[in-house]
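What follows is one structure encoded as structure tokens, with my remarks underneath.
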Ligand code: SF4
């Protein structure tokens with residue numbers, strides 16, 4: 001049954017290639033198990049199909065605050081995939097997408113004073129993930145873009161309902177920022193078993209190491225969406241998301257990895273817990289919003305500087321670069337704009 005499901009997905013992808021020879025194919029890749037199975041299915045179809053697309057872009061959203069373990073895994077994988085794609089002379093190409101400097105996580109928090117995201121004020125998904133992907137698709141949309149995603153029907157009841165409402169099919173229409181394109185969801189009917197079967201049993205691309213992925217993936221699922229979701233997807237609750245995510249009370253994904261032996265995540269985990277703890281502290285927030293309305297406003301300059309200094313400490317402790325030079329420059333520029341104009345708490 002598993003093999004039939006995978007074979008069917010490959011056959012449907014071959015048909016899709018035949019019927020859309022001139023389209024621009026884009027694969028949304030997060031490094032998670034579903035998008036890995038998706039890549040394997042599409043690659044198998046590509047190898048077997050005589051009508052090959054001229055270009056298939058594999059895109060990963062580099063938010064700058066991605067779970068460091070997964071981020072390292074994906075970046076290493078992309079280097080190795082690039083070599084394999086060239087060696088095999090296939091028309092796949094990888095791309096790391098980044099938000100503009102002004103939209104990056106710490107520029108918003110430390111520079112502009114945005115409190116870290118919650119479900120009610122989830123400013124990050126659009127800026128860090130959906131925006132960069134949408135721009136990429138926008139530049140490809142003229143060539144009739146087809147975006148392939150590793151969505152699965154039985155991931156959640158809510159998702160099932162939404163996918164049913166949208167035609168109950170592996171093809172969906174999507175409009176984003178004025179760009180119309182199609183979503184192609186060839187693993188829509190995969191079970192978790194099918195996903196792992198595809199990852200472990202399909203031999204290409206050979207750069208994907210199923211064991212390494214399985215190690216990262218013990219026990220959690222769910223990813224932050226990179227195109228506007230067909231349904232509200234729980235974000236940050238799975239293995240893969242931003243290490244700074246305060247949308248969830250507890251970062252189960254990092255905790256799971258720490259328990260699985262990735263102890264280098266502990267300082268990141270502690271930092272996130274601290275961010276969560278201070279985000280609602282009235283002494284660290286302006287007493288009013290930027291537009292003058294009452295209610296807790298942006299983080300105070302001193303709170304932003306406090307976060308900055310702790311982040312620098314975290315960089316030293318973990319030996320990682322968490323702020324790029326251009327981000328520091330932008331933060332300092334934003335601080336200057338707010339200096340002297342902070343509302344005073346009575
Ligand atoms: S994982 Fe959390 S912080 Fe990152 S984009 Fe999604 S909601 Fe925002």
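The values are calculated or read from the model by the stated rules, or taken from the named source; none is laboratory data. Nothing here was measured: the structure is a model prediction, and the numbers come from that model. Methodologically, a virtual Cβ is constructed for each residue, glycine included, from the backbone with ideal geometry; neighbour enumeration extends over all protein chains shown.
Data for the structure
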item	result
Criterion: modelled with pLDDT of 95 or more and assigned to a helix (DSSP H, G or I) - qualifying residue of 69, 14	14
Condition met for residue 261 (part of a loop (DSSP other than H, G, I, E, B), at pLDDT below 85, surrounded by fewer than 21 Cβ atoms within 10 Å (Cβ to Cβ) and more than 16 Å from the ligand (Cβ to nearest atom))	no
Single condition residue 112 does not satisfy, out of (1) modelled with pLDDT of 95 or more; (2) within 16 Å of the ligand (Cβ to nearest atom); (3) within 25 Å of residue 332 (Cα to Cα); (4) under 20 Å from the mean Cα position of the chain (by Cα)	(4)
Members of segment 283-306 that are part of a helix (DSSP H, G or I), within 31 Å of the chain's Cα centre (by Cα) and more than 30 Å from residue 319 (Cα to Cα)	none
Selection status of residue 294, free of Cβ contacts under 8 Å to residues at least 12 places away in the same chain, in contact with a strand residue (DSSP E or B) (Cβ under 9 Å, 6 or more places away or on another chain), more than 16 Å from the ligand (Cβ to nearest atom) and within 27 Å of residue 341 (Cβ to Cβ)	yes
Options 185, 163: the member that is modelled with pLDDT of 95 or more, buried (at least 19 other Cβ atoms within 10 Å of the Cβ) and over 16 Å from the mean Cα position of the chain (by Cα)	185
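Table: residues versus (1) farther than 21 Å from residue 137 by Cα; (2) out of contact with any helix residue (DSSP H, G or I) (no Cβ under 8 Å at 6 or more places or on another chain).
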residue	(1), (2)
56	no, no
60	no, no
64	no, no
73	yes, no
77	yes, yes
86	yes, yes
104	no, no
